[in-house]
Amino acid sequence: MRRGELYLVAHPSALDPKRQRVFVVVSRQVLIDSRFSTVICAPVYSAYDGLATQVPVGAEEGLKHDSSIHCDELVSLPKTILTNYVGTLPAAKLDSLHHALRIALDVSD
């Protein structure tokens, strides 16, 4: 598992109306590689509102249609449910993700 990878998760939460949703791993690599059982992920939605905390993604990243990563809605997910690999963000999209995360968390460069 690597930062920037996308995974399809079945029944992500009781509050999510979708039966399945794609998530992007955003935790730092040292945490991903550690013994901790969870990682921080950002959900992918079909809606794109043009916010600075959203990163547009689509077929290039392994998705069926245009969507966006929502960095304002980070969640902690067990590593064990991240098994259905969808794709990986290319370097330019990973840079956009880093920028959107800094804005969402109000962290300067």
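Any read-out appearing in this document is the output of simple, stated calculations on the displayed coordinates, not a laboratory observation. This one's a predicted model, so the numbers in the text were calculated from it and none came from an experiment. Because the Cβ atoms are built from the backbone with ideal geometry, glycine has one as well, and the counts that use them run over all protein chains shown.
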Counted charge near Val57, where neighbours are those whose Cβ lies closer than 10 Å (Asp, Glu -1; Lys, Arg +1):
-2
In deg cm²/dmol and to the nearest 500, what is the mean residue ellipticity at 222 nm of the chain if only DSSP H runs of at least 4 residues count, each as -39500 (n - 2.57), divided by the residue total?
-4500 deg cm²/dmol
For the chain, averaging the sequence separation of alpha carbon pairs under 8 Å that lie six or more residues apart and dividing by its residue count, the contact order in percent is 28 percent
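Taking neighbour counts of Cβ atoms within 10 Å as a proxy for exposure, in what order, fewest first, do Tyr7, Tyr85, Tyr45 appear?
Values: Tyr7 21, Tyr85 12, Tyr45 16.
Ascending Cβ contact count within 10 Å gives the list Tyr85, Tyr45, Tyr7.
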Explain nothing, just the number: dipole magnitude of the stretch 62-107 about its Cα centre with +1 on each Lys and Arg Cβ and -1 on each Asp and Glu Cβ, in debye rounded to the nearest 20.
220 debye
Positive-end residue of His98, Ile81, Leu31, charge dipole of the chain with Cβ unit charges:
Ile81
Show log10 I(q)/I(0) for the stretch 52-98 at q = 0.13, 0.20, 0.27, 0.28 Å⁻¹, two decimals, from a solvent-free Debye sum over equal Cα scatterers.
-0.33, -0.79, -1.18, -1.19
Kindly provide log₁₀ I(q)/I(0) values, in the same order as q = 0.22 Å⁻¹, from the Debye equation applied to equal alpha-carbon scatterers of the chain.
-1.30
With Cα springs under 10 Å, the Gaussian network model of the chain assigns the largest mean-square fluctuation among Leu94, Leu51, Leu77 to Leu51
Going by how many other beta carbons lie within 10 Å of each one, how would you line up Arg21, Arg35, fewest first?
Arg35, Arg21
Sorted from largest down, give the three principal axis spans of the alpha carbons of the stretch 1-53, whole angstrom values.
33, 27, 15
Explain nothing, just the number: dipole magnitude of the stretch 1-100 about its Cα centre with +1 on each Lys and Arg Cβ and -1 on each Asp and Glu Cβ, in debye rounded to the nearest 20.
380 debye
